[in-house]
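The values are calculated or read from the model by the stated rules, or taken from the named source; none is laboratory data. Everything numeric here is computed off the predicted structure, so don't read it as measured data. Here Cβ is always computed from backbone atoms with ideal geometry, including for glycine, and neighbour counts include all displayed protein chains. Accessible surface is based on the protein model in full, side chains and every heavy atom, while ligands, DNA and RNA are left aside. Shrake-Rupley method; radii C 1.70, N 1.55, O 1.52, S 1.80 Å.
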Amino acid sequence: SLEGYESFMIKEIRESWGAVRDTIAGLMGDVEIGKAVKALDRARRVFVVAAGTSFHAGLIFSLRLLRNGKTVIPVIASEHEFLETDEDDAILVISQSGETMDSLLALKRFKSNGSFVISLTNTLGNSISSYSNVALHTRAGPEIGVAATKTFTSQVGALLLLSSMIIGESIDYLKEAETVVANSFSKSIGYMEKIGREVANKSSMYYLGKGLGVPMAMEGALKIKEIAYIHAEAYPAGESKHGPIALVEKGFPVIFVNTGELVDELRNNLKEMQSRQARTYVISAGPELKSDSETREIVLEVSDPRLTTLALAPPLQLIAYYAAKERGTNPDRPRNLAKTVTVR
Ligand code: M6R
């Protein structure tokens, strides 16, 4: 039930730090994660298969492993037919529901090629986990809102843990995960409401980031399209000058997602947008980007740079939520969408 909240979406965003805590604790006490780490570590190539929001979580995982020398291929589930795997490959399927048809079909085909399949889902006894060699779970609890919120943040938490174990780095930093998400939510909610209300009357906007900020930007753009019906595109910030900037005119909203990676370059991209009179907003989970006193920026406190993606999740979800609220659309039940997509 709504328990006094206005919508499931806001309730579920508020449940996200507890969900991240439970997910990480659950996985740490799960013998299956050791099997997953072993298989992913041994594999010649790792294919990360998912759709929508789960794909964005998969991109974060993929980037982290790629930077550590692992061959990782992120696969949009509905495009799986264009790729082949073999018995030296491992597959990681990420799906909140565990029932997404595209992801399930990809899993079955890659498994029939002899590849070892690991899944990360948020329910017990779902189809995807039942076909997997190793089934891992996030522990976000039921998510009613069609927009993935706490399940995404939990996937990111789970995948930070998994990638750290594969890389062989200390996982101590994850002790702060819950606090970082909770603080980010409370610090940003007021400002995100303001941004959400300001962009609500716009028809188009950009989300720009660098490095791990790119999948976060993609997630921010997906969320606002999904529930507020505002056209939004995400780009690696440097790519914006190769075409997208042509659309930018006075007042065009551009949200910069700053993870603290290549800050000087990102700041240049910000200045480019400001010189086109874009209406820029910066959400920083790293060093401040501010180029002048005009820049609207919030700086989140993050105890370890590896936690930046977790910190950025609530603010990006909140912008979409408040934009939907301002537009009078129902964030829990967006048109044309189902919570679980069981068709191809
Ligand atoms: O259940 P899944 O994680 O497999 O679902 C994948 C997508 O359909 C899902 O993430 C969708 O993009 C969300 N509604 C986004 O908020």
Notebook entry, point to check: Given Leu63, Pro74, Ala51, which one lies farthest toward the positive end of the charge dipole of segment 1-108, if we put +1 on the Cβ of every Lys and Arg and -1 on the Cβ of every Asp and Glu?
Noted result: Leu63
Next item on the list: Quick one: give the max-minus-min coordinate of the C-alpha atoms of segment 288-328 along each principal axis, largest first, in Å.
Entry: 37, 27, 10
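Normalized C-alpha radius of gyration of segment 87-209, against 2.2 N^0.38 Å? Intermediate values should be presented prior to the final figure.
Values: Rg = 17.9 Å, N = 123, 2.2 N^0.38 = 13.7 Å.
After normalising by residue count via 2.2 N^0.38 Å, the value is 1.30.
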Next item on the list: Roll a 1.4 angstrom probe over the protein heavy atoms and tell me the percent of accessible area of the chain that is carbon or sulfur.
Entry: 51 percent
Next item on the list: Quick one: which residues, 5+ away or cross-chain, put their amide H under 5 Å from the amide H of Val93? H built at 1.01 Å from N.
Entry: Val49, Ile118, Ser119, Leu120
Checklist line | Residue among Ala338, Asn268, Leu161 farthest towards the positive dipole end of the chain, charges placed on Cβ | finding: Ala338
Notebook entry, point to check: From the phi of every residue in segment 302-319, what ³J(HN,Hα) in whole Hz does the Karplus formula 6.51 cos²θ - 1.76 cosθ + 1.60 yield, where θ is phi - 60° and glycine or proline is x?
Noted result: 10, 6, 8, x, 6, 9, 4, 5, 4, 5, 7, 4, x, x, 5, 5, 5, 4
Notebook entry, point to check: segment 1-17 to segment 128-201: how many Å between their Cα centroids?
Noted result: 15 Å
Check: Can you list the HN-Hα couplings for segment 66-78, worked out from phi with the Karplus curve (6.51, -1.76, 1.60; θ = phi - 60°), rounded to whole Hz and with x for Gly and Pro?
Finding: 4, 5, 10, x, 8, 8, 10, 10, x, 10, 5, 3, 6
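Considering only Cα-Cα distances, which of the following residue pairs are longer than 26 Å: Lys11/Lys290; Lys202/Lys223; Lys194/Lys271?
Working: Lys11/Lys290 32 Å; Lys202/Lys223 15 Å; Lys194/Lys271 22 Å.
Beyond 26 Å between Cα atoms: Lys11/Lys290.
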Note to self: Rolling a 1.4 angstrom probe over the protein chains, ignoring ligands and nucleic acids, what is the accessible area of Arg139 in square angstrom, nearest 10?
What the structure shows: 90 Å²
Item checked: segment 8-151 - charge dipole about Cα centre, Lys and Arg +1 at Cβ, Asp and Glu -1, debye rounded to 20 -> 420 debye
Check: Among all the aspartates and glutamates, which ones have a C-alpha under 12 Å from Lys339's C-alpha, if same-chain residues fewer than 8 places away are not counted?
Finding: Glu99, Glu143, Glu226
Checklist line | Accessible-area order (highest first, 1.4 angstrom probe) of the listed residues Glu288, Glu12 | finding: Glu288, Glu12
Item checked: Nonlocal amide H pairs with Gly260, under 5 Å, H built at 1.01 Å -> Ala285, Gly286
Margin query: Calculate log10 I(q)/I(0) of segment 1-118 for q = 0.09, 0.12, 0.13 Å⁻¹, where I(q) comes from the Debye formula with a single equal point scatterer on each Cα and nothing for solvent.
Written below: -0.29, -0.50, -0.58
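One quarter of the convex hull surface, Cα atoms only: what value does that give for segment 48-106 in nm²?
Here the figure is 4.0 nm², rounded to one decimal.
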Margin query: Using amide H atoms built in the peptide plane, which far-off residues or other-chain residues are under 5 Å from Gly98 H to H?
Written below: Asn122
Check: Counting only protein chains, not ligands or nucleic acids, how are Tyr235, Tyr5 ordered by accessible area (probe 1.4 Å), most first?
Finding: Tyr5, Tyr235
Notebook entry, point to check: Summing +1 for each Lys or Arg and -1 for each Asp or Glu, what net charge is found among the other residues whose Cβ lies under 15 Å from the Cβ of Ile91?
Noted result: 0
Check: What does the convex hull of the Cα atoms of the chain come to per residue, in Å³, rounded to a whole number?
Finding: 128 Å³
